[in-house]
Each structure stands twice: as structure tokens, then as C-alpha cells.
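Single-structure report; data block below.
Coordinate-derived values only; no laboratory data. Not measured: the values here are computed from a predicted model. Here the Cβ positions follow ideal geometry from the backbone for every residue, glycine too, while neighbour counts run over all protein chains shown.
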Protein chains: 2
Amino acid sequence: MSMAEAVRTAMAHATEALLTADREICERVITRDAEVDDLHRRVEERVYDTLARQSPVATDLRLVITGIQIAADLERMGDLAEHVAKTALRRYPAPAVPAELREVITSMGSVADRMAGKVGLVLTTQDATLGAELETDDDVMDDLQRRLFSILLHKDWRYGAEAAIDCALLGRFYERYADHAVNAGQQVVYLVTGETAETTEPPGVEPA
Amino acid sequence: MSMAEAVRTAMAHATEALLTADREICERVITRDAEVDDLHRRVEERVYDTLARQSPVATDLRLVITGIQIAADLERMGDLAEHVAKTALRRYPAPAVPAELREVITSMGSVADRMAGKVGLVLTTQDATLGAELETDDDVMDDLQRRLFSILLHKDWRYGAEAAIDCALLGRFYERYADHAVNAGQQVVYLVTGETAETTEPPGVEPA
């Protein structure tokens, strides 16, 4: 739960910093990613410890190991928020996102925030419906990424190749963040329903 | 071992298809990724099965669980090879890589191939030296990605924003492939030495 909250906050702050070119917030997101990494290590240690001490079986065993897999997805979501902050920082004091893309990036930030919130909820409630909702949210994220690429590749694009590359990578960071949220949710659904989780990257979106 | 071999072959073929604009090879890489996903599921199932039947403890327990984590890295390496093939296919029959970038992409392909080969070897030999070598290889990959971006962002770039985006994403696919190879190697080192594995993305390279 702490990891899910931390990576949700990280991406919310990274998006804010990206849209306002706020150096301090960028640096805070980057610094605080170490806390997420630390939580990740603690989850792993506790899993090994639990396995060694309590030798859980059946459902309990699956629950404990799922913990490792969810923590890996959350840790990666933290990295992706950090990448967004680093992209903003590299362009500072200039804004990394041209006016034409502010709306779509704002929407990607909102969807990412909603998804990270649902991952936290799924972890508490183990509600498989929420897990399924994450897939619908991911479709929205994929649509947004398609919209982003259509703007980048439009003949009116006037910010050059460097800004186009930055924004394409930003799009990919949000899209991957959403994919990991889906994966984390699916792990919980798998646990509850026993149905095979899709561990591959969702169909997603190809640029262009 | 089968997964490591499969994702090594996948990236080798994807690079070949990318550089020769070979549609058939692209399609084969994409189709065969399902086999990697299938192997991934089989690893997971066998891990759960082993845990349930044999209740391993201590080192054995760690070994079995490490299997899940390595399989997740390998599965992702397969996805990244598939992404390279899809990028080539999207531009077909045109080549996705302009002449100026052929050399650097060829080198990235070679480094990726060497790294995937070492992951396979580490799995068989559990040789921690090879695990450490993977980090040096990853530094080479990061240098190559820096070189790629310096070409993309050079004032003489004459292929427009779309090709720049494609090539930036290609660079990222190879760089991430290398990161996952390092992670897989570090899991083995952790197992052998008991030293904490770095589970975060290696410092890597930021575009530009």
C-alpha cells in the first residue's frame, strides 16, 4: 500500500513539474524514488522471511509470492515517474511540453493517477472488478498515446526533432506506467479468481 | 535456458530484419514471441508446483523464487525484440534506420546479443563474474545510446521528426533489453553471493 501511494504521488508530482517546469518538484520526485526502491527491497526481504519462517502453502503461498511480483511492477512505476521528472529537468527552465500537447499530457497524468489509485484499492479490497477496470483505463491511455503521436507527426509540428523525441518518450513513460498498473491489478485478480494472468504487455499502442 | 535462447534469437532476428527491411523475419519474430510468453507461464506454474509439492527452504527456496524473477526479465526482453520487429514492419518496405544510424544500431544489436548469451551462461554456470561483466556491457550499450541520440539531434539530421521518434524508441528498446539482461544476471549473483541485488534500473542514459 505504501509503495502504491508513493508511486501515485510520484507521478502526480512529476506531471505537475512537467507542466509547470518546476525544478524543485522535479528534484524531489527524483530523490524520493530511492524510498520506493527501499520499500521494494523491504517487500522482498519480508517475503523471503515469511517463506522461511512460516512455510505457507496453497493460497497463502501464492499470496506471498504475488507480493514480490506486484512490488516489482510498483517499483517500475516509480522509475517511470522519475523519468518524467528527469525529462522536465533536462529542459528546465524551458517547458518540455509545447502548448499543443499540454491537454493530452494532462489527461495522461489524470489517467495514470486514477490507475495508481485503483491499484492501491485493489490491494486493500482484492476486488476483481477494479482489476478489470484497470484494463479499460489502459485502453484510454493507449488512445491518448495515439493522439499524442498524431500531434507529434502532424505536418504543423514546429518544435523540431528534439522536442518530438522528448514528447514521444514521455508518452511511452505514461503508457508503460499504465501497463504496470494493469499487471499489478491482474496479479490480484489471478489470486482471487485463479484465472491465468496475462503477464505480457497489453496490446498497447504502436507509435504512429 | 530455453527462454534465454529464445529471446537472444528474437533480438538477433529483429535486428537483422530492421537493417534489411525483411518483412518475413519481422513477422516471425512477432509470432514467436507467443512461445516466450508460453515458456514464462510454464516457469511460473512449475515454481508454484515445486513450492507446493516440495516446500523448499533456505537456499533452495530462494533459488526457486529467483526463477520467477529471471523469467519476468526474459519475458520482457522478448517483448522488446518484438517491438523492434514491429518498428521495422511499420516502415516496411522502407528501411526504418537511415544510413547514418546503421553502424550504431548494428553495434547495439551485437551488444544485446552478447548480453543475452551471457545471461544464458550465467544461468548454467552461476558464475558471478559473468554477472558483473553484464554491467560493463550495459555501460557500452548506454554509450551507444548516447551516440545514437547525438546523431538524431545533430543539425544535419534530415529525416524529419517521425524517423527521429522511431529511432529514439528503437534506442530505448535496445537499452531496456540490456537493463533486463543486467537484472537477470544480478538475480543470479544475489543467489550466489547473497549480496543485495540492485533491482532498480541501472543509471542508464537519458536521451540528449
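Other chains near B:80-86: what is the mean number of their Cβ atoms within 10 Å of each residue's Cβ?
Mean shielding count: 1.
In the neighborhood of B:Ala163, defined by Cβ-to-Cβ distances under 14 Å, what is the net charge if each Lys or Arg adds +1 and each Asp or Glu adds -1?
With Lys, Arg at +1 and Asp, Glu at -1, the neighbours total -1.
Could you work out the helix-only [θ] at 222 nm for chain B, with each DSSP H run of four or more residues adding -39,500 (n - 2.57) and the total divided by the number of residues, to the nearest 500 deg cm²/dmol?
That comes out to -29500 deg cm²/dmol.
Counting only other residues whose beta carbon sits under 11 Å from that of A:Met77, what net charge do I get with K and R as +1, D and E as -1?
-3
From the phi of every residue in the stretch A:47-55, what ³J(HN,Hα) in whole Hz does the Karplus formula 6.51 cos²θ - 1.76 cosθ + 1.60 yield, where θ is phi - 60° and glycine or proline is x?
4, 4, 4, 4, 4, 5, 7, 10, 6
Which distance in nm do the two modelled labels at B:Glu35 and B:Asp113 give, with both placed 7 Å along the Cα-to-Cβ direction?
It is 1.8 nm.
³J(HN,Hα) across the stretch B:168-177 via Karplus (A = 6.51, B = -1.76, C = 1.60, θ = phi - 60°), whole Hz, x for Gly/Pro?
5, 5, 4, x, 5, 4, 5, 5, 5, 4
Can you list, shortest first and in nm, the gaps between the label point of B:Thr136 and those of its counterparts in the other copies, using a point 7 Å from Cα in the C-beta direction?
List, nearest first: 5.4 nm.
If we hang a label 7 Å off Cα along the beta carbon direction at A:Val57, how far is it from the matching labels on the other copies, in nm, shortest first?
When each copy's label point is compared with this one, the spacings are 1.5 nm.
Work out the length of the dipole vector of the protein assembly as shown about its Cα centre, built from +1 on the beta-carbon of each Lys and Arg and -1 on the beta-carbon of each Asp and Glu, and round it to the nearest 20 debye.
Here the size comes out at about 480 debye.
Tell me, what HN-Hα J-couplings in whole Hz come from the Karplus equation 6.51 cos²θ - 1.76 cosθ + 1.60 at θ = phi - 60° for each residue of the stretch B:59-71, using x for Gly and Pro?
Once rounded to whole Hz, the list reads 4, 4, 4, 4, 4, 5, 6, 4, x, 5, 6, 5, 4.
Arrange B:Ile65, B:Ile165 by Cβ neighbour counts within 10 Å, fewest through most, would you?
Ascending number of Cβ neighbours within 10 Å: B:Ile65, B:Ile165.
Considering only C-alpha atoms, what is the centroid distance from the stretch A:84-120 to the stretch B:115-183, in Å?
The stretch A:84-120 and the stretch B:115-183 have Cα centres separated by 25 Å.
Add +1 for every Lys or Arg and -1 for every Asp or Glu among the other residues with Cβ under 14 Å from the Cβ of A:Gly120, and state the total.
Every neighbour counted, the sum reads -3.
Within chain B, which is the longest segment containing none of the trypsin sites (Lys or Arg not before Pro) that sit in a DSSP loop and have at most 15 other Cβ atoms within 10 Å?
Here the longest segment lacking exposed loop sites spans B:1-154.
Nearest 0.05, what FRET efficiency do A:Arg158 and B:Glu5 give at R0 = 51 Å with Cβ-Cβ as r?
0.60
Averaged over its residues, how many other protein chain Cβ atoms are within 10 Å of peptide B:155-164's Cβ atoms?
Counting other chains' Cβ atoms within 10 Å and averaging over B:155-164 gives 4.
In nm, one decimal, shortest first: how far is the label point of B:Glu5 (7 Å from Cα along Cα to beta carbon) from the matching points in the other copies?
4.9
Arranged by the count of other C-beta atoms within 10 angstrom, fewest first, what order do A:Tyr159, B:Tyr177 take?
A:Tyr159, B:Tyr177
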